[in-house]
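The values are calculated or read from the model by the stated rules, or taken from the named source; none is laboratory data. Not measured: the values here are computed from a predicted model. Virtual Cβ from ideal backbone geometry, glycine too; neighbours counted across all protein chains shown.
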Amino acid sequence: MTGPHHHDVLVIGGGNAGISLAAKLRRDGCRDVAVVEPKDVHEYRPLLSYVAGGMATLDDLRRPQAEAMPPGVRWYQDAVTAVDPARSAVRLASGGELTYTDLAVCPGSQVDWDAVPGAQDAVRAGSASTSYLPEHAPATWDLLSSLTSGTAVFAISDRHVPCAPVGLKPLFLAADHWRRTGVLDAITIELLLEGDRLVDLPESDRELRAAAEEYGVRVRTSTAVEHVDGPARRLRLRTPQGPDELAYDALYVAPPHRAPQWLASSGLTSPASDGFLAVDPQTLQHRDHPHVWGLGDAAEVDALPSGGALRKQVPVVAHNIAARRTGATMRHYDGYSVGPVTTSRSRLLLAEFDRGGRPEPTVRVPDLARPRRSLLVFDRYLEPQIYWRRLLRGHVS
Ligand SMILES: Cc1cc2nc3c(=O)[nH]c(=O)nc-3n(C[C@H](O)[C@H](O)[C@H](O)COP(=O)(O)OP(=O)(O)OC[C@H]3O[C@@H](n4cnc5c(N)ncnc54)[C@H](O)[C@@H]3O)c2cc1C
């Protein structure tokens, strides 16, 4: 690049949030939208849970980024290294600079291995695994499906994990596999939850606890893994009763996540936002910089981060960018989010709730918060098609 390039709306990150927003803005008539995204492959991440459960492959969830990019949107294959909101400019890893009228910041979050010492080494050495990184999702199924006796531990953090309840999918898919192959009785299943619920909707929480009980899963809430000793296959835990230890044969982790560091060094975070983008959780406008907007996993919106949440966040940001310019009333995001959780290899429930944990079902009949066969078919096979054909094309309202 020879000099600064200006765009009416510049989007950082071409993941679920960035592409959906760019497409929605174009549909709404914005003529100059650009996306900065370094990767040349786009992933439909919800299928990673099925890869970890032996029901999908990485090929099922990957497409060239160029195909995901909405028509008419300028793509910079580059990474942002800093934002200067005072100059309405972003710096790129390649050394260039772009300027904007409005900026949408959606670079997602990253696994924070430092938060659980030893976990990354255990994952690399193969005694532990995670579905939260594509390179480890297939190995998760290898690890779980090859277990025929011993202790399987599933540890789910509540520190900014994208759509944390889906961390339960590998557990239930594996438990059903162990039951079908006749080894369930020889396996002790431990579920360690940092939070106090399996999912933030009481009706679905009850369903999931009942399903866990059927498989003989021991559920421990408010319990965090503090250290993983991979070679010895031992965990050090923090529990409400004090420190504890637990031996394992196979370990699955939904690890803590953190926001990209350059958000903080660009002055876009606040002490309350824990390193994440400091936006108004309702309007999704940055608290200090009115031309900056945040959505998706990188923004602190006081709600469970999820792809489902973006169905509601994207139209709010698209509308509010225009509203800021015209003085129209801004729309509000109510904290809607979703947790689709399998209870077996043939059933799934869809917990949908708002910021207060109140039910917010997309349809009232049938009751989606209880496990159904049709919902698993929808989540595994239909939803990916809706993602590629509708959500990434800005069909959200
Ligand atoms: C294993 C797993 C299972 C999930 N299952 C579900 C589910 O079943 N249902 C559901 O609703 N949600 C689910 N989610 C959550 C959902 O995938 C995320 O909430 C969603 O992808 C968030 O979108 P995003 O655009 O904020 O972040 P991402 O999708 O992570 O996209 C961020 C993009 O920003 C890019 N980027 C990063 N840094 C920079 C930079 N410096 N400059 C430019 N670009 C950058 C990245 O390359 C990436 O493409 C799951 C997530 C995971 C990991």
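Given (1) more than 14 Å from the ligand (Cβ to nearest atom); (2) β-branched (Val, Ile, Thr); (3) in contact (Cβ under 8 Å) with a residue 60 or more places away in the chain, identify the lone condition not met by Val80. Val80 satisfies every listed condition except (1). Listed by first and then second residue, the pairs with beta-carbon distance under 7 Å, at least 6 apart or on different chains, first residue in the stretch 47-61 and closer than 11 Å to Pro138 by Cβ, second aliphatic (A, V, I, L, M) and surrounded by fewer than 18 Cβ atoms within 10 Å (Cβ to Cβ), are Val51/Leu58. Of (1) among the charged types (D, E, K, R); (2) over 24 Å from Ala164 (Cα atoms); (3) touching a strand residue (DSSP E or B) at 6+ places or on another chain (Cβ under 6 Å), Arg62 satisfies all except one. Which? All conditions are met except number (2). Number of residues in the stretch 266-300 that are closer than 24 Å to Ala164 by Cβ, free of Cβ contacts under 8 Å to residues at least 60 places away in the same chain and out of contact with any Ser or Thr (no Cβ under 9 Å at 6 or more places or on another chain): the value is 8. Scanning the stretch 301-315 for residues that are over 20 Å from Trp388 (Cβ atoms) and either within 9 Å of the ligand (Cβ to nearest atom) or surrounded by 23 or more Cβ atoms within 10 Å (Cβ to Cβ) (or both) turns up Val301, Leu304, Pro305. Residue pairs whose Cβ atoms lie under 6 Å apart, separated by 6 or more positions or on different chains, with the first residue in the stretch 188-212 and within 23 Å of Ser149 (Cα to Cα) and acidic (Asp, Glu) and the second modelled with pLDDT of 95 or more and surrounded by fewer than 21 Cβ atoms within 10 Å (Cβ to Cβ), are Glu190/Arg218.
Is it fair to say Arg364 is of a type in the set (Lys, Arg) and either under 29 Å from Ala104 (Cβ atoms) or touching a helix residue (DSSP H, G or I) at 6+ places or on another chain (Cβ under 9 Å) (or both)? So Arg364 does not fit the description; no.
Report, by residue number, each residue of the stretch 146-185 that is under 27 Å from the mean Cα position of the chain (by Cα) and at positive phi. Hits for the stretch 146-185 are His160, Cys163.
Report the residue count in the stretch 253-265 for those that are within 11 Å of the ligand (Cβ to nearest atom) and touching a residue at least 60 places away in the same chain (Cβ under 8 Å). Give the derivation first.
The first filter runs over the stretch 253-265 and keeps only residues within 11 Å of the ligand (Cβ to nearest atom), leaving 254-255, 257, 259-263.
With touching a residue at least 60 places away in the same chain (Cβ under 8 Å) added as a condition, the list becomes 254-255, 257, 259-260, 262-263.
Here the count works out to 7.
Considering the stretch 70-113 alone, what residues qualify as being within 21 Å of Gly307 (Cα to Cα) and either among the polar types (S, T, N, Q) or modelled with pLDDT under 95 (or both)? Passing the criteria: Ser109, Gln110.
Out of the residues in the stretch 22-40 meeting the condition of being within 9 Å of the ligand (Cβ to nearest atom) and outside any loop (DSSP other than H, G, I, E, B), tell me which one is surrounded by the most Cβ atoms within 10 Å (Cβ to Cβ).
Step one: list which residues in the stretch 22-40 are within 9 Å of the ligand (Cβ to nearest atom), which gives 35-39.
Checking which are outside any loop (DSSP other than H, G, I, E, B) leaves us with 35-36.
Values: Val35: 28, Val36: 24.
Here the answer is Val35.
Assessment of the stretch 133-145 against the conditions (hydrophobic (A, V, I, L, M, F, W, C), surrounded by fewer than 19 Cβ atoms within 10 Å (Cβ to Cβ) and either modelled with pLDDT of 95 or more or in contact with a Gly (Cβ under 7 Å, 6 or more places away or on another chain) (or both)) yields at least one matching residue. The residues of the stretch 262-294 that are under 23 Å from Leu92 (Cα atoms) and of a type in the set (D, E, K, R) amount to a single one, Asp288. If we scan the stretch 191-207, do we find a residue that is closer than 30 Å to Ala278 by Cα, in contact with a helix residue (DSSP H, G or I) (Cβ under 7 Å, 6 or more places away or on another chain) and within 16 Å of the ligand (Cβ to nearest atom)? The answer is yes, given that some residue of the stretch 191-207 is closer than 30 Å to Ala278 by Cα, in contact with a helix residue (DSSP H, G or I) (Cβ under 7 Å, 6 or more places away or on another chain) and within 16 Å of the ligand (Cβ to nearest atom). Considering Asp297, Asp244, Asp288, Asp274, the condition of being charged (D, E, K, R) and buried (at least 17 other Cβ atoms within 10 Å of the Cβ) is satisfied by Asp297 alone.
The residues of the stretch 61-77 that are surrounded by fewer than 18 Cβ atoms within 10 Å (Cβ to Cβ) and either within 18 Å of the chain's Cα centre (by Cα) or more than 23 Å from Gly394 (Cα to Cα) (or both) amount to a single one, Arg62. Scanning the stretch 42-71 for residues that are near the ligand (Cβ under 9 Å from one of its atoms) and either within 13 Å of Ile19 (Cα to Cα) or of a type in the set (Gly, Ala, Ser) (or both) gives His42, Glu43, Tyr44, Ser49, Ala52, Gln65. Can you tell which of Arg390, Arg358, Arg347, Arg370 is surrounded by 18 or more Cβ atoms within 10 Å (Cβ to Cβ) and either over 17 Å from the mean Cα position of the chain (by Cα) or among the acidic types (Asp, Glu) (or both)? The unique qualifying residue is Arg347. Among Val153, Val166, which is the only one that is of a type outside the set (Lys, Arg), within 16 Å of the ligand (Cβ to nearest atom) and outside any loop (DSSP other than H, G, I, E, B)? After ruling out the rest, the residue left standing is Val166. Only one of the numbered conditions (1) more than 23 Å from Arg91 (Cβ to Cβ); (2) touching a helix residue (DSSP H, G or I) at 6+ places or on another chain (Cβ under 7 Å) is violated by Glu245, and that is (2).
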